[in-house]
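**Q** First the structure, which I've put down as structure tokens, then a few questions once you've had a look.
Throughout, read-outs are computed from the coordinates displayed, never taken from laboratory work. Quick caveat, the model's predicted, so the values are computed rather than measured. For neighbour counting, all protein chains shown are included, and Cβ atoms are generated from backbone atoms with ideal geometry for every residue, glycine included.
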């Protein structure tokens, strides 16, 4: 309950959504985080 109230008060949904987009647009080498994660998941089938 505390955690939910804290998030609602200090990190409204629009701020959280912007942070998600910001995170997904980060770069790892020449790939975005989303591209890197997709490649990692596809290659993990071979491990």
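**Q** Which angle between 0 and 90 degrees, to the nearest 10, do you get for helix 13-24 versus the longest principal axis of the chain when only C-alpha atoms count?
**A** 20
**Q** Sum -39500 (n - 2.57) across every DSSP H segment of at least 4 residues in the chain, then divide by the residue count to get the 222 nm mean residue ellipticity, nearest 500.
**A** Values: 3 runs with 32 residues, N = 47.
Computed ellipticity for the chain at 222 nm equals -20500 deg cm²/dmol.
**Q** With everything on Cα atoms, drop me the angle between helix 33-43 and the longest principal axis of the chain, reported from 0 to 90° to the nearest 10.
**A** Between helix and principal axis, roughly 50 degrees.
**Q** Which distance in nm do the two modelled labels at residue 47 and residue 30 give, with both placed 7 Å along the Cα-to-Cβ direction?
**A** 2.4
**Q** Can you put 15, 33 in order of Cβ neighbours within 10 angstrom, beginning with the fewest?
**A** 15, 33
**Q** Show log10 I(q)/I(0) for the chain at q = 0.13, 0.19, 0.20, 0.32 Å⁻¹, two decimals, from a solvent-free Debye sum over equal Cα scatterers.
**A** Ignoring solvent entirely, the Cα scatterers give -0.48, -0.70, -0.72, -1.04.
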